[in-house]
Structures are given as structure tokens and as C-alpha cells.
């Protein structure tokens, strides 16, 4: 099984709408990628108050697939639609990490 983590490292003055991300965007992920092998979706919201330092990430999504080929096919089919939704909730460029789940 693989886990794809999409995190959002903030910049000074960033914009991130957690309500939209956890609601509409999460539904879009489930609808679009569920038909292409998405096994599970988890959403994290960083516990951080705005202050002098920025957190490493303000939010993250963890998408689980059986294997890398399934993930690549899913994103080939639906990646543009998911990416087009990003401006609705953030101005942060996401960082993607693909991992093999080993334990």
C-alpha cells in the first residue's frame, strides 16, 4: 500500500480556507479518485496559532492506494480537475510525498 501526502507549507500572508478544504475539496477527492482506486482519505489541520513563526504545514491530505501505478493512473485521469480546485481554498503551492506504508 502507498500513502500520498499532500501538504501545504505556508508563506508570509498565506490564505487557506480549512472549511472549504475539509468539505468541498475532500468530497471532490473522494468522488474523483474513489472511482480510480482511492482506498482512504485522511485530512489533517495543523494545530498552530498565527504568530512569529510559520508551521511546517497548515494542512495535509493523506491518500491511500494499493500501489504506485494505481495512483499514477488516478492522477492522470483526475489530476487536472483536482488541481483546478486549489485556488478556491489556498494560494499555497502543495508539496507531494509518496511513501510505501511499511508498518
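Observations on the structure shown:
- Shape of the stretch 26-86, Cα gyration tensor, a/c cut at 1.5: prolate
- For q = 0.10, 0.16 Å⁻¹, Debye-computed log10 I/I(0) when each Cα of the chain counts as one equal scatterer: -0.28, -0.69
- The long axis of helix 68-85 is offset from the longest Cα principal axis of the chain by roughly 40 degrees.
- Taking the number of Cβ atoms within 10 Å of each Cβ as an exposure proxy, the fewest-first ranking of 70, 53, 90 is 53, 70, 90.
A short reminder: the numbers here are calculations on the coordinates, not readings from a lab. As the structure is a prediction and not an experimental result, all values here were calculated from the model. Backbone-built Cβ (ideal geometry, glycine too); neighbour counts: all protein chains shown.
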